[in-house]
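Novice: First, the structure itself, so that you have it in front of you.
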Amino acid sequence: MYSGAAAAAGPPRRDFISVTLGPEEAVGVGGYNNSKAWRRRSCWRKWKQLSRLQRSVILFLFAFLAVCGVISYTSMGEAWKSITNKSLDEQRTEQEIPGLKLANPAVLPAPQKADANRGDNPELSLQKPPKPPHVRRGPSNLQIRAPRRDMRLKTQHDTIRAVEELVEADKVEKTEKSIISWRGAVIEPDQSTEPPSSKIKEPEKPSPMEAEDQKEPVPINERQLAVIEAFRHAWKGYKDFAWGHDELKPLSKSYSEWFGLGLTLIDALDTMWIFGLKEEFEEARKWVANDLIFDKNVDVNLFESTIRILGGLLSTYHLSGDSLFLEKAKDIGNRLMPAFKTPSKIPYSDVNIGRGTAHPPRWTSDSTVAEVTSIQLEFRELSRLTGDEKFQKAVDGVMKHVHTLSGKNDGLVPMFINTNSGQFTHLGVYTLGARADSYYEYLLKQWIQGGKKENELLEDYMRAIEGVKKHLLQRSQPKKLTFVGELAHGHFSAKMDHLVCFLPGTLALGAHNGLAADHMKLAEALIETCYQMYAQVETGLSPEIVHFNLHAQKGHKDVEIKPADRHNLLRPETVESLFYMYRFTGDKKYQDWGWEILQNFNRYTRVPTGGYTSINNVQNPSNPEPRDKMESFFLGETLKYMFLLFSDDIDLINLDKYIFNTEAHPLPIWVPA
């Protein structure tokens with residue numbers, strides 16, 4: 001270094017500093033060269049230069065952020081796990097049910113366990129629930145909500161339950177009941193209906209509906225509430241005086257047995273589910289689980305036990321998803337199979353479900369045509385669920401055989417068929433009433449159930465309807481009511497069973513599924529006639545059989561009733577057709593007609609201590625002569641169709657997804673992949 005003063009004083013002088021670089025300094029260990037080692041030492045020096053307070057604050061902030069991170073990770077992990085389970089469930093469904101495309105089902109709440117929270121909800125809630133996001137339409141008391149994908153059903157002896165909601169949903173709906181899926185299927189024309197694959201080893205499980213496909217709930221109206229009240233009154237009588245037995249005798253406060261299998265209870269299972277009667281359903285389920293035993297030495301009628309017991313169990317399985325009902329259905333289905341061990345493969349009418357034997361009635365070797373051709377929906381569905389083809393093979397063989405038989409009259413069939421020869425007997429008598437009615441109904445419904453590809457069924461149905469038009473249709477006087485009579489050896493009879501009133505609904509169902517438009521016109525004419533069978537009678541209730549006047553007579557109505565025919569058994573056929581007609585037309589008059597019928601049932605058949613009774617005389621309002629018997633179909637069919645008739649929710653048992661068997665038990669329409 002130097003300065004101006006020093007320069008003036010003498011020669012310049014220079015000072016030097018000598019620095020020696022050793023090996024370590026040469027590579028930058030002692031100086032800054034941006035290496036990681038140098039940066040670590042520099043950060044540590046800076047950290048040591050901080051005060052103790054500053055370091056404590058920084059450590060606290062780091063700890064707080066770490067805790068927040070752990071909490072966030074846990075919450076997101078649960079949501080991610082649920083999303084992953086969605087795709088896993090879909091893959092399992094596809095693997096378990098190859099060849100079938102499951103429908104988008106509705107969602108219903110699972111009934112509460114009998115011993116769980118019974119005091120929290122002792123009665124059915126009739127108030128409209130809070131509106132949840134993405135819901136499907138249905139009665140308000142059913143509290144239909146968007147489902148989760150990660151649902152699992154417990155074993156057959158467990159109560160129906162579902163897993164908890166997602167974390168976000170739990171915060172909002174901690175008190176909501178668990179839900180299970182209500183499975184259905186969508187009809188798709190032009191799909192094959194091959195027999196179910198024997199590779200299916202496990203029963204199908206309900207698959208939840210996509211939230212975006214669900215709709216707003218439809219509240220229960222006053223008329224539906226009246227139906228629920230009627231059901232509860234009938235159920236009270238059954239529970240108090242006939243629990244576990246076939247039928248209630250409400251006047252004598254006792255019961256009657258037919259098969260000893262709790263027919264009324266099984267017939268009413270799906271009705272209670274649809275009505276949302278959770279407590280009653282759970283009580284009935286316990287009886288099925290603990291007391292319904294088929295291993296007993298008793299003869300049962302193949303047709304009646306199929307449509308009521310097998311049909312009721314299958315329907316309840318589909319609506320509830322509880323595998324208990326499927327296991328019971330498989331049991332009774334297997335026990336009914338000996339009926340098909342005949343020379344002609346036309347089944348016997350009676351089966352001993354304990355011994356595994358079958359036989360025709362004692363007085364004949366004939367079976368009725370309606371009985372052997374109206375068990376197909378149930379056995380076919382049992383094959384589809386179990387993967388065992390024997391059930392469908394047996395009943396399809398009956399239909400194929402009947403298809404080829406001679407003795408028909410423009411598609412109309414006789415009433416009897418011989419189990420040995422496989423031929424029609426008692427030729428020349430044709431009716432759509434008892435012993436033949438549901439043959440025509442099941443032709444159409446099997447065609448719909450199977451995806452509209454079994455052309456023989458459709459051909460037989462269309463030919464039969466043309467036969468009805470040609471041979472059995474007439475008009476009465478004075479109101480010119482269109483009715484369906486009977487033909488006996490070429491002679492027309494103006495006799496019409498109340499059972500024939502299934503026909504308007506069946507015709508409307510066919511028209512809805514693309515058949516001739518004039519079928520709907522005929523349905524409209526016939527349902528007017530069925531209503532008049534009530535309206536022209538003193539009690540407003542139809543007799544079992546009526547005769548129509550073909551010629552105008554002064555002082556005479558269209559409807560004439562003979563003393564032997566004036567009883568009423570609480571039958572459902574007219575209400576059934578009213579339901580179909582309202583569902584397809586939206587005409588409110590059909591609801592009003594049904595309301596009149598319900599009021600008259602309450603007025604003339606209701607028993608104060610519980611239950612309803614059939615009556616002997618519909619023409620005597622002051623003394624209708626009660627018969628002291630409540631048929632199981634009053635709960636299984638009549639009240640169920642009433643409730644559906646009064647509903648404005650087309651998705652409450654959607655008729656594009658479900659087909660009703662002849663006992664009003666809904667089964668899913670098949671949709672092959």
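The values are calculated or read from the model by the stated rules, or taken from the named source; none is laboratory data. As the structure is a prediction and not an experimental result, all values here were calculated from the model. Methodologically, a virtual Cβ is constructed for each residue, glycine included, from the backbone with ideal geometry; neighbour enumeration extends over all protein chains shown. Heads up: the accessible areas ignore ligands, DNA and RNA and are worked out on the full protein's heavy atoms, side chains in. Shrake-Rupley method; radii C 1.70, N 1.55, O 1.52, S 1.80 Å.
Novice: Which of the residues spanning the range 240-261 are free of Cβ contacts under 8 Å to residues at least 60 places away in the same chain and either crowded, with 18+ Cβ neighbours inside 10 Å or of a type in the set (Gly, Ala, Ser) (or both)?
Specialist: Matches in the range 240-261: ALA242, GLY244, HIS245, SER254, TYR255, PHE259, GLY260, LEU261.
Novice: Restricting attention to the range 637-667, which residues are assigned to a strand (DSSP E or B) and in contact with a Gly (Cβ under 7 Å, 6 or more places away or on another chain)?
Specialist: Within the range 637-667, just TYR658 meets the criteria.
Novice: For the range 494-515, give me the residue count where each residue is open to solvent by 20 Å² or more (accessible area, probe 1.4 Å) and charged (D, E, K, R).
Specialist: 1
Novice: Can you name every residue in the range 571-606 that is open to solvent by less than 10 Å² (accessible area, probe 1.4 Å), in a loop (DSSP other than H, G, I, E, B) and more than 23 Å from SER438 (Cβ to Cβ)?
Specialist: Hit for the range 571-606 is THR605, nothing else.
Novice: On to the next question. Counting just the residues of the range 545-570 that are farther than 10 Å from ASN617 by Cα and touching an Asp or Glu at 6+ places or on another chain (Cβ under 8 Å), which one comes out surrounded by the fewest Cβ atoms within 10 Å (Cβ to Cβ)?
Specialist: ASN549
Novice: Which residues, taken from the range 217-232, are open to solvent by 20 Å² or more (accessible area, probe 1.4 Å) and touching a Pro at 6+ places or on another chain (Cβ under 9 Å)?
Specialist: Those that are open to solvent by 20 Å² or more (accessible area, probe 1.4 Å) and touching a Pro at 6+ places or on another chain (Cβ under 9 Å): PRO217, VAL218, PRO219, ILE220.
Novice: For the range 501-522, what are the residues that are assigned to a helix (DSSP H, G or I) and out of contact with any Phe, Trp or Tyr (no Cβ under 8 Å at 6 or more places or on another chain)?
Specialist: Correct list: CYS501, PHE502, LEU507, ASP518, HIS519, LYS521, LEU522.
Novice: Next question. Let me confirm something: among GLU528, GLU538, which residue is outside any loop (DSSP other than H, G, I, E, B), farther than 30 Å from GLY407 by Cβ and of a type in the set (Asp, Glu)?
Specialist: After ruling out the rest, the residue left standing is GLU528.
Novice: Another question, if that's okay. Could you go through the range 265-282 and let me know if any residue there is open to solvent by 10 Å² or more (accessible area, probe 1.4 Å), in contact (Cβ under 8 Å) with a residue 12 or more places away in the chain, aliphatic (A, V, I, L, M) and at negative phi.
Specialist: Checked against the condition, which is being open to solvent by 10 Å² or more (accessible area, probe 1.4 Å), in contact (Cβ under 8 Å) with a residue 12 or more places away in the chain, aliphatic (A, V, I, L, M) and at negative phi, the range 265-282 yields no hits at all.
Novice: Within the set of pairs 6 or more residues apart or between chains, which connect a residue that is within 14 Å of ILE465 (Cα to Cα) inside the range 422-433 to a residue that is small (Gly, Ala, Ser) with Cβ atoms less than 7 Å apart?
Specialist: Here the result reads none, with nothing in the range 422-433 linked to a residue that is small (Gly, Ala, Ser).
Novice: Please determine, by comparing only the residues of the range 472-486 that are surrounded by 18 or more Cβ atoms within 10 Å (Cβ to Cβ) and in contact (Cβ under 8 Å) with a residue 60 or more places away in the chain, which one is farthest from GLN532 (Cα to Cα).
Specialist: LEU472
Novice: Just to verify a result, which residue in the range 281-309, among those that are aromatic (Phe, Trp, Tyr) and outside any loop (DSSP other than H, G, I, E, B), is farthest from PHE340 (Cα to Cα)?
Specialist: PHE281
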